[in-house]
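What follows is calculated from the coordinates using simple rules that are stated; it is not laboratory data. What you see is a predicted model, and the numbers here were worked out from it, not measured in a lab. As a convention, Cβ positions derive from the backbone with ideal geometry for all residues, glycine included, and neighbour counts pool all protein chains shown.
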Amino acid sequence: MKKIILPSLLILSSLLLISCSGGDNTSETSNTSLLPKDVQSAIDGEKSTLTQELKNTLSFMGNEERLAYDVYNALYQQFPNINQLKNISTESEYKHISAVQLLVRKYIYDENDFTNLDASPLGYKDTNISVMQAGVYDIKSIQVLYDELYAKGINSEQDALEVGCMVEVTDINDLNEKIEIAKNSSAKDIEAVFNFLREGSYNHYWAFDNGLKNKGIENGCCSLGTIDGVNYCHNEYPK
């Protein structure tokens, strides 16, 4: 299991919303109705001035949310009794991808605006989420990570729930960093979206924690302990 998670989802850099050209250009017309009003209002507001570092956070976080969406959907096909996988992917991660996709449309012209891609761009800036190819990414390390997470998750229901804990903790760790970058740039719209993502990840962590406890794993996500320097026990997370 130690090979599965790196200390940060820097490997989860840029897989989703990273270019204008290529892919299916079907628009996601329902994005606006999916999001909380304050989040949509922030997205629709005045543009911020983005550094290159901040631009790269958009591809990073959009892709991170897509990885979560993909792996949860894939594991739900194996374990349809784990409702957390379905509910989180279809009701939350879908919205998270949509929110970041709208920011990408707001700020990004094409894949050349990002400097954190190391594979052929997928062209998903204007692609409907439902037709994005699951489990295929334009960052090589992301592809490796997805494959490893999936390989762990399909072993058992417990492993699938543990993968959920691992994804959400890593997501929160990265969002903490990206929110600070947005704050330092006074990018209120990006900060609002990233806070929205983090609030969701807190909820998801506790959903997977409860799932493990309901299966007799007394310590829930904390049973994972620390792997490769990443602590997966976070009783301090808001509930």
Revision key, fill the gap. So the angle from the long Cα axis of helix 52-78 to the longest Cα principal axis of the chain, reported in degrees to the nearest 10, equals 40 degrees
Point to revise | Anchor K125: lysines whose Cα lies under 24 Å away (excluding residues fewer than 8 positions away in-chain) | key: K37, K47, K55, K95, K106, K140, K178, K188
**Study point:** Sequence ranges 174-180, 205-211, ranked by mean other-Cβ count within 10 angstrom, highest first
**Key:** 205-211, 174-180
Check your understanding: Computed from these coordinates, which is percent of Cα pairs over 34 Å apart: (i) 10; (ii) 38; (iii) 14?
Key -> (i)
Review point. Can you list the equivalent-ellipsoid semi-axes of the stretch 114-209, largest first and in whole Å, using the square root of 5 times each Cα gyration tensor eigenvalue?
Key: 24, 21, 12
Review point. Considering the chain as a Gaussian network with a 10 Å cut-off on Cα pairs, which listed residue, S185, S92, S59, attains the greatest mean-square fluctuation?
Key: S185
Review point. Going by average Cβ neighbours within 10 Å, how do the peptides 139-145, 161-167 rank, with the highest at the top?
Key: 161-167, 139-145
